[in-house]
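The values are calculated or read from the model by the stated rules, or taken from the named source; none is laboratory data. Since the model is a prediction, treat every value here as computed from it, not as a measurement. For neighbour counting, all protein chains shown are included, and Cβ atoms are generated from backbone atoms with ideal geometry for every residue, glycine included. When the accessible area is computed, the model is the full protein with side chains, heavy atoms only, and any ligands, DNA or RNA have been set aside. Shrake-Rupley method; radii C 1.70, N 1.55, O 1.52, S 1.80 Å.
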Amino acid sequence: MAGLTVNGHIVDIDADPQTPLLWVLREHLGLTGTKYGCGAGLCGACTVHLDGEAAFACQVPLDAATGRAVTTIEGLSPTGEHALQRAWVAEQVPQCGYCQSGQIMQAAALLSANPRPARADIVDTMSANLCRCGTYLRIVKAIERAAEEG
């Protein structure tokens, strides 16, 4: 039995310690906002926060997350009013939307560490997350807007 803090709630998980955190979130806890992309840590669709830092949930085994704080897109803002979520809507970022929760979580970790990132910082950080629709320019604009509007 592993104990995690997910979106501020302590949960006990009965799963193999090597189960990827992604499957714990989706299958054991029903938090389907975190998406499965490549399963190899290459696309970033499964980005969550682990103790406030961006992590690819498909690459983190349950035992490595035990005792740590996990935040998913569902926990970023229960009402969807996080500055990034508002900016995402204002800049009309999503197309298919599949990568968006991972993109937002990566951007949230960036803004938490650097509230006023330069465009180069945004591009560099967000290069870890792929978007098959190619909305990169709108992603950068949304992050810049969120940084300005807080």
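Here are a few things to note about the model shown:
- Looking across the stretch 82-98, the residues that are open to solvent by 70 Å² or more (accessible area, probe 1.4 Å) and at pLDDT below 95 come down to 95, 96, 98.
- When residues of the stretch 64-81 are limited to those that are out of contact with any strand residue (DSSP E or B) (no Cβ under 6 Å at 6 or more places or on another chain) and either of a type in the set (Val, Ile, Thr) or modelled with pLDDT under 95 (or both), the one nearest to residue 37 (Cα to Cα): 73
- Single match in 146, 64 (criterion: open to solvent by less than 70 Å² (accessible area, probe 1.4 Å) and under 22 Å from residue 10 (Cβ atoms)): 64
- Candidates are the residues of the stretch 1-11 that are under 23 Å from residue 77 (Cα atoms) and small (Gly, Ala, Ser); the one that is surrounded by the fewest Cβ atoms within 10 Å (Cβ to Cβ) is 8.
- Residue pairs whose Cβ atoms lie under 9 Å apart, separated by 6 or more positions or on different chains, with the first residue in the stretch 39-65 and of a type in the set (D, E, K, R) and the second open to solvent by less than 20 Å² (accessible area, probe 1.4 Å), are 51/70; 53/109; 63/2.
- Note on the stretch 95-125: residues that are within 19 Å of residue 33 (Cα to Cα) and under 14 Å from the mean Cα position of the chain (by Cα) amount to 13.
- Residue 13 touching a His at 6+ places or on another chain (Cβ under 7 Å), of a type in the set (A, V, I, L, M) and touching a residue at least 24 places away in the same chain (Cβ under 8 Å): yes
- Scanning the stretch 12-59 for residues that are assigned to a helix (DSSP H, G or I), open to solvent by 50 Å² or more (accessible area, probe 1.4 Å) and under 25 Å from residue 132 (Cβ atoms) yields 23, 26, 27, 59.
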